[in-house]
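Inspection log for the structure reproduced underneath, given as structure tokens.
The values are calculated or read from the model by the stated rules, or taken from the named source; none is laboratory data. On a predicted model such as this, the values are computed, not experimentally measured, just so you know. Here the Cβ positions follow ideal geometry from the backbone for every residue, glycine too, while neighbour counts run over all protein chains shown. Side chains included, ligands, DNA and RNA excluded: accessible areas come from the protein's heavy atoms. Shrake-Rupley method; radii C 1.70, N 1.55, O 1.52, S 1.80 Å.
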Amino acid sequence: MKINRKYFLLTFGLFALLILIEISIRTQTALSKQLFNLNIPVLLKTNLASYLGFTFAVLPLFLFEILLPNDEKSKDHKFGVLFWIISIQCNFFFSLIAIKIINLFNLKPFFKISFESLKGVSIVSPLLINIFLIIFTLFVFDFFYYWFHRMQHKITFFWEFHKVHHSIKNLNAVVSYHHVLEELFRIPFIIIPLAILIKIDAPKLAILSSFYAVYGQFIHMNSKVSLGFLRYIFADNYYHRIHHSLEESHHNKNFAAFFPIWDMIFSTNHFPKNNEFPEVGLADVEQPKTLKSYLFLPDIFKK
């Protein structure tokens, strides 16, 4: 049987990427442990750890964008790095706000699921239980994210901030920043509802946990490497590219971050055809090229 060289290369590339992600995340974990041994304030350690996490999440994807790019356009990584530095710092403080709110109001989840609670009643192997918990955690999160994301496109106020992300014309793993206030908006619409609804103690698993740790950057990756037919189950960079597409037929499609089934249930899915990797950006909005345009692009600041 003749093996298609192209698909062999891309399949091999996907496995190589998964292994590289695992190595990268393990390295980041080891460095974080060393960081927390330093005699510096815990708040500073946690802050620096968030930068380490992003750096090692992007590195393997960045390498594959160089080795197997989908286009030869300038990637403008310097803008992506600058805006992410600011965004990560703001996200760190917003996460502290979320924790304060949860503790202040003593918010407790209605449901709790853990490995130990399932282990005693399940007839399946511990490995399958672990896999289920990781995927179920993301599945529940993705439901709330899906509706929050649709709201960002539907309500003008939230779109003004979200359009910063959609204005990017050279979308890639590094140049995939959001406006600094987007994470703040997630607190009442995603973080708090999840804190009230459910707590899932999902373990760490080699490959799977590492892969999902970099998923936010992976779905923006500008590379030929993708999940292929598996994108019907798990969203990938080709699937999410449709969401950013300039083509009118692609508008308001593919809102889910992890699972296309949410788009399928609510009729917002568009699965890309073979090699369909459209131009992205907004026809009427310029991509930020300065710190000022990044922070003040939303029209809300001009009124």
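Residues in region 255-273: is at least one modelled with pLDDT under 95 and either closer than 17 Å to residue 176 by Cβ or open to solvent by 10 Å² or more (accessible area, probe 1.4 Å) (or both)?
The answer is yes; a qualifying residue exists.
Report yes if residue 100 is among the basic types (Lys, Arg), open to solvent by 40 Å² or more (accessible area, probe 1.4 Å) and in a helix (DSSP H, G or I), otherwise no.
Judged against the criteria, residue 100 is a match.
Can you say whether residue 243 is modelled with pLDDT of 95 or more and over 20 Å from residue 64 (Cβ atoms), as far as the supplied structure shows?
It is true that residue 243 is modelled with pLDDT of 95 or more and over 20 Å from residue 64 (Cβ atoms).
Taking region 41-87 only, how many residues are open to solvent by 50 Å² or more (accessible area, probe 1.4 Å), among the hydrophobic types (A, V, I, L, M, F, W, C) and closer than 14 Å to residue 31 by Cα?
Selection size over region 41-87: 1.
Is there a residue being at pLDDT below 95 and either surrounded by fewer than 11 Cβ atoms within 10 Å (Cβ to Cβ) or under 22 Å from residue 89 (Cβ atoms) (or both) anywhere in region 7-28?
The answer is yes, given that some residue of region 7-28 is at pLDDT below 95 and either surrounded by fewer than 11 Cβ atoms within 10 Å (Cβ to Cβ) or under 22 Å from residue 89 (Cβ atoms) (or both).
When the residues of region 181-198 are filtered to those that are in a helix (DSSP H, G or I) and among the β-branched types (Val, Ile, Thr), which remaining residue is surrounded by the fewest Cβ atoms within 10 Å (Cβ to Cβ)?
196
Which condition number in (1) in contact (Cβ under 8 Å) with a residue 24 or more places away in the chain; (2) exposed (fewer than 15 other Cβ atoms within 10 Å of the Cβ); (3) assigned to a helix (DSSP H, G or I) is the one that residue 33 fails?
(1)
Can you tell me how many residues within region 199-237 are surrounded by fewer than 17 Cβ atoms within 10 Å (Cβ to Cβ), charged (D, E, K, R) and under 22 Å from residue 69 (Cβ atoms)?
The qualifying residues number 0.
Just to be sure, is residue 162 open to solvent by less than 20 Å² (accessible area, probe 1.4 Å) and either touching a helix residue (DSSP H, G or I) at 6+ places or on another chain (Cβ under 9 Å) or at pLDDT 95 or above (or both)?
yes
In this structure, is residue 57 within 11 Å of residue 173 (Cβ to Cβ), assigned to a helix (DSSP H, G or I) and touching a helix residue (DSSP H, G or I) at 6+ places or on another chain (Cβ under 6 Å)?
yes
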